[in-house]
1. Looking for something under 33 Å from the mean Cα position of the chain (by Cα), at pLDDT 85 or above and closer than 21 Å to residue A:566 by Cβ - is there at least one such residue anywhere in region A:497-515?
2. Which numbered condition trips up residue B:324, out of (1) under 19 Å from the mean Cα position of the chain (by Cα); (2) within 27 Å of residue B:451 (Cβ to Cβ); (3) modelled with pLDDT under 85?
3. Consider residue A:225 carefully, then state whether it is assigned to a helix (DSSP H, G or I) and surrounded by 22 or more Cβ atoms within 10 Å (Cβ to Cβ).
4. Do we find that residue A:421 is at pLDDT 90 or above, under 24 Å from the mean Cα position of the chain (by Cα) and surrounded by fewer than 22 Cβ atoms within 10 Å (Cβ to Cβ) in this structure?
5. Do we find that residue B:470 is under 25 Å from the mean Cα position of the chain (by Cα), within 10 Å of another protein chain (Cβ to nearest Cβ), in a helix (DSSP H, G or I) and more than 30 Å from residue B:274 (Cβ to Cβ) in this structure?
6. Would you check which residues across region B:373-393 are surrounded by 23 or more Cβ atoms within 10 Å (Cβ to Cβ) and away from every other protein chain (no Cβ under 14 Å) and list them?
7. So is residue A:271 modelled with pLDDT of 85 or more and surrounded by fewer than 17 Cβ atoms within 10 Å (Cβ to Cβ) or not?
8. Looking at (1) out of contact with any strand residue (DSSP E or B) (no Cβ under 6 Å at 6 or more places or on another chain); (2) part of a helix (DSSP H, G or I); (3) buried (at least 21 other Cβ atoms within 10 Å of the Cβ), find the lone condition where residue A:327 falls short.
């Protein structure tokens, strides 16, 4: 094979081939470049904003029509069933419901009911309502949600954060101690408004409103709220009679400090703490050994029963142990007559309803989504909002205050092995039975035990690990997180929310109006051009500055800034060359617009100014890889002609045009 | 050469070579891919936000120190000179000033002075001030700016839009007809505040505030203001005595309509219109023949002189022709005693000062920039702001109201061949001489002529061509433009400004919270993947969905939306395959993150959820071309490990991993 003859033949052939290839390549390359530039320049016209909106509306419409026409051929009752099934998903999954599933749901339902009863009483107290309102809210809303909801794990009922938010906002209008009926009326009205807003959000597909609270803000907000809720429990735990209505840490600590000056009874504290230790111990045991999970689940109920019995037997209430006393028995009464729209505060209550609607939905959607993604199904956010909203509207007619998906009970529901929303129905019926027959037994329940049940749920809400992760990943997000945390802690719940939203949006606006710029170099062995700092192995092309703007928009708010930056980069490159005693003249500036999604007339005007001032110094401007909207607008505004058509598909090709210039 | 022997030899060799190459290539390709993935993963850590801020501060500091240390070796007086030259650029360019330059500047100065005198009187009337205040404002500000400014063409003085804005805002506080002195005091105070704000913007480098008015909004705003100013001139042109103080078109037309009911004198109208026709004719002539440019420039002054003489000789003022009457002669008096900070309106006036400061700077910077880019030099925006601000502060001490760069006079200055700011000095001295000696001659000048001089400048402000271009290029920009236009026309100047700013910012926020997504296909003959709609020749890869998000941020406001969109794309691809009766299972989803500049914890959480729900359906997720911040954050949050390290430098390589999956 390797005879000298063959060798010469091969070498001469190889040389010949290489030469031909080079020639072919370079002419091909040039042809290719021209063809590709034409691809860029002759792209079809992008749809106008009106077209986009019209298309989107048309699509929804045609989807509806398609669905309707596919149903039209079917008999009338199928059509009705399909419609009903859309509104009440239970009609769908209910038909495949089995006894095995019911056994699991039944056990899960009893488990969450045992947690739900003491929590409901505690949260109602947190909302400055009578205890039975908490229990009412655990009856009707779970039943409504069970037939309308799309999640399979959510446990509906009163939740801590919403109770706190409601009471802290409504008590500014009416004092709950002097006018409890007026206060209750406003709470019910706020519930109605919250329900109406939530339904409207779902119907008008305004789900994005829930996204305005960023992940980081929620972590900070929930942690702050947990501490505030914990501080509120000091009233029950210490058996304090005169407590502050404010929620910030300073007012509460002052009230606690002042309470020590009165002769105080340590029995409440000892009772509460010992059961808190019991509940927390069973929880730790339950986490370590999965088999003992049931112990953790029923320990709150066990604590309530044991402590109630103990107080009843020892008559400890006569020795200063505070008890729940009268809980009104019987099922939810109608509350339609309490909804008074002629109230002077109706406007304020509507605003409160809006804030509460968003916060409640945020919690519920976040809870629903996280469990749905574990089980691998998709939650329809808009449908969820309609269900929760409808739940609250009906709730406001039946003496319930704002209900939503509870994080702690949903987690217990999932861990107890629930299969469908039937567990919610089981829970509601259990609470219903308790309301009908067991409220008298709750008379001797010490308030310290209710406080300790609530306190035991709080550590799960303060997620230091997550906060640390946020700090590690994104410092600005951590700022929003701690802003929400300290806002809730030191000012009020609403201010905490406001701080978080403002910091989050300020971030978006700042990044839009002050985008970074980066210079690109060629990655060795490739045609790719990347940020020279991100890829230190990349090599700058002499005589060419390649710049990319770190923004999706070149618009009025950043166009001049970007223009000035680009000119700075060019002068900097030239002066760096001067320092190295090698005079470099930049002949070509390539703007890599690959991440520029859109440009407006201010952006184009600023590019034109840039071109003018560069060409007055004998420098050329080229555009690489413009996106659809950008190339269209540059074409329409004649900018392409002004820069001599130097538009290329890749940076590589744009740099290649230097020799031609 | 092409003997049969050679041919066989070549063929066998070629085959051999091709085989070797293929083997080498595929193993090389794999090695390369691994190396490149390592490049992506092992990028150096990006600077933290604190580092970026600290670096930027440090850089400015070290620049200062460098400049200082380079000066330290030089004698003391050079240092002082350099410092002074920084503040007063005239000391720099003044040393190269020649007689030839002076000749050009002198002629340009006289030209703008001839336009300036009638305009100043008219603008002062527009601002509801006595005529001499307009002339005062054409004396001191140009002199100050001439020694401090960095532009070479700007002509400083009172301008129409600012006069209108000032009067429309200040007359809400004090009525200029009943309390002219109190009104003048407030105007001077507003001027001082505007100057202070402008200086502060420059010193604290807040130049971006000027960018908040987008190019499109300015076009609409100026056009609306021009019409409003034109309507105000109807008072002078028709000789109306009782006129409205409101500026919107409906109030003005009503006032004009009512004036026709009184017996009215058409002489004013005929006089004004005939001179307006004269001025416009000379302007059209001047545009057609460059040699007749001087005719257009002096026609306003000629009109004033001719009409004044005519009225004086015929005593037409006794026959109902309204005249300017008394203009107080003498140079600018001090107005420090008029600046009253104990005024009850001082807070409102400060707000007015802020608005006026921004609008005045917007006009001046826009004018300066456009002429600087024609002449090919760079304007320092921050330095400009300090100069204009200082000009107004001094102006408020010397009976001047807010001055800024005038568009019409700057254009005339440039066309008249000015070389430096000396033309401003010439103009100021000319106006000074007029104030001292010629005010008595202005007594008989008809107000209709002043109105026609102002009216003749307005057509240049209504730029229908530009508005049409904006409509063609960007429909949303046009919305901002027409919002500003109609806001000014039908409501008030401030509301027009507000509408424009709100529409402009709403655009940025909407694009951030509702970004588009696009699927990519491979461009034939390249390794590139592009939007399949932009490049219809691109080919989709079967079994793979490649998605790019049209946003620079994946953050709390859009993360859930994007996640839902991506899942929609995947199901859509699969159902499209079903329609074609060819069952396609998507195995791999590639997210091209090349235009994603940053991501926050909500974005990462949503990617994690996406990964979970995709992998529960047996689909894989891969990331292509992540930017610096994005790859860093994905690494820190362990997301890379969760998706099995499927991070690639290019989409091509990411698609290649499908076979491995």
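1. yes
2. With (1) under 19 Å from the mean Cα position of the chain (by Cα); (2) within 27 Å of residue B:451 (Cβ to Cβ); (3) modelled with pLDDT under 85 applied to residue B:324, the lone miss is (1).
3. Yes: the conditions hold for residue A:225.
4. No, not satisfied.
5. Against the criterion (under 25 Å from the mean Cα position of the chain (by Cα), within 10 Å of another protein chain (Cβ to nearest Cβ), in a helix (DSSP H, G or I) and more than 30 Å from residue B:274 (Cβ to Cβ)), residue B:470 qualifies.
6. B:387, B:388, B:389, B:391, B:392
7. When the stated conditions are applied, residue A:271 does not pass them.
8. Single failed check for residue A:327: (2).
The values are calculated or read from the model by the stated rules, or taken from the named source; none is laboratory data. For clarity, every value in this text was computed on a predicted model and none was experimentally measured. Cβ atoms come from the backbone with ideal geometry, glycine included; neighbour counts cover every protein chain shown.
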